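Read-outs throughout are calculated quantities, based only on the coordinates presented, and are distinct from any laboratory measurement. Just so it is clear, the model here is predicted, and its values are computed rather than measured. Virtual Cβ from ideal backbone geometry, glycine too; neighbours counted across all protein chains shown.
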């Protein structure tokens, strides 16, 4: 049986390691499901998601130059629905004015930045002049 990249196959988990799981494909060939291809969520331990002997659907995502078969469990299933975002209350909605509101914000930012930089320079000057007196 010829394996086709992008096709989904039924396989059986034959071994589990720290970095993934080996899956036996139809036709007797084995491939690796890397730990990053097991689930859409972060996987710390492969054994939390897969068990030896378990039947799984896998997608063939590549065959490298050495003939190693790369598989994915997560790409063989539908992605999870995104979590609904909380609606932003109307009173907190950002104003969507013309460029003048951007210009105002930029001016405020520059003014605040200059003020903070000035304070930092004064503080730095006081510290460095104090260290000169101690010598």
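Given the peptides 34-40, 13-19, arrange them by the average over their residues of other C-beta atoms within 10 Å, most packed first.
Numbers: 34-40: 16.3, 13-19: 13.1.
Going by the mean number of other Cβ atoms within 10 Å, highest first, we get 34-40, 13-19.
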At what distance in angstrom do the alpha carbon centres of region 44-90 and region 1-40 lie from each other?
-> 11 Å
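How compact is region 1-46 by the rule of thumb for globular proteins, expressed as Cα Rg over 2.2 N^0.38 Å? The partial results should precede the final answer.
Working: Rg = 11.3 Å, N = 46, 2.2 N^0.38 = 9.4 Å.
That ratio works out to 1.20.
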Using only the alpha-carbon atoms of region 8-76, report the extent along each of the three principal axes, biggest first, to the nearest angstrom.
-> 28, 23, 20
